[in-house]
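Okay, so here's the structure we're looking at.
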Amino acid sequence: MRSAGAGRAQPRPGAACGFFRGSASPGAGAEMRPLLGLLLVFVGCTFALYLLSTRLPRGRPLGSGEDTADRSLWFPSDLAELRELSEVLREYRKEHQAYVFLLFCSAYLYKQGFAIPGSSFLNILAGALFGPWLGLLLCCVLTSVGATCCYLLSSVFGKQLVVSYFPDKVSLLQRKVEENRNSLFFFLLFLRLFPMTPNWFLNLSAPILNIPIVHFFFSVLIGLVPYNFICVQTGSILSTLTSLDALFSWQTVFKLLAIALVALVPGTLIKKFSQKDLHLNEISNANHLTSRKDT
């Protein structure tokens with residue numbers, strides 16, 4: 001495949017074009033080395049998180065019943081598990097607040113850093129554990145730091161792998177980034193507010209596309225505020241509901257209206273700007289390219 005910018009100046013080392021030219025038939029050793037390095041980092045972080053979630057400080061047992069005294073923590077996969085985990089951690093947090101905070105931050109960075117789906121459940125959990133405003137601040141910071149960790153891991157270990165497995169999507173994004181280089185920050189904000197390509201793929205491909213890490217960090221920090229706000233507020237509401245009548249209280253109605261405004265207003269402003277200043281034609285094709293790989 002030829003690079004979209006074949007007729008222009010040579011890209012810097014690490015640009016996606018360079019990979020397309022030089023990786024037509026990569027050697028097995030060259031491709032395995034970064035994969036093994038990434039695997040070692042993943043195994044090390046997984047083991048550390050496992051120890052953190054199983055070697056809990058002494059205190060109240062997790063949950064109720066005799067069989068839960070030695071229970072470890074887990075990632076929720078549905079709303080029922082999320083509610084159960086929330087109750088367990090809120091009870092445990094009464095005696096070990098700092099440890100629950102450390103555990104939550106570690107789990108969040110682990111998911112974001114390795115592009116593991118399911119961070120929305122952790123956003124909801126943040127609202128239930130820490131409240132709507134502290135939870136929002138925490139999720140915004142952790143999302144940005146975790147995405148930056150993913151950026152750095154991709155820069156060190158994953159460039160060749162991403163280009164090998166997603167050549168069409170990388171080529172499309174590369175072309176759109178170059179077209180919007182003069183308004184790059186707003187283009188990145190648009191992609192976060194209107195995820196035409198998955199967030200995890202943006203995190204992985206950003207170093208390949210020569211997106212500056214400062215632009216990347218702040219576009220995640222600002223661009224995902226509406227999404228984080230909705231999830232955290234949802235968790236805060238669910239954690240305080242004790243009956244169906246509580247759903248129609250003035251406080252809950254106000255929170256739901258705030259969620260609707262945060263979801264609509266920033267997106268409308270960015271979309272209005274994008275129609276005038278950004279080049280976005282063809283990028284919607286990223287939705288169906290390698291869609292079977294998007295989870």
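The numbers here are math on the coordinates, done by the rules we state, and not lab data. From a predicted model like this one, the values you see are computed outputs, not experimental measurements. Backbone-built Cβ (ideal geometry, glycine too); neighbour counts: all protein chains shown.
Would the range 94-165 count as rounded, prolate or oblate if I go by the C-alpha gyration tensor, calling it rounded below 1.5 in a/c and otherwise prolate when a/b exceeds b/c, oblate otherwise? Walk me through the numbers before you get to the answer.
Numbers: a/c = 2.87, a/b = 2.44, b/c = 1.18.
Prolate, since a/c reaches 1.5 and a/b exceeds b/c.
Residue 39 to residue 133: FRET efficiency via 1/(1 + (r/R0)^6), r the Cβ-Cβ distance, R0 51 Å, to the nearest 0.05?
On the way: r = 39 Å, r/R0 = 0.76.
Between residue 39 and residue 133 the formula returns 0.85.
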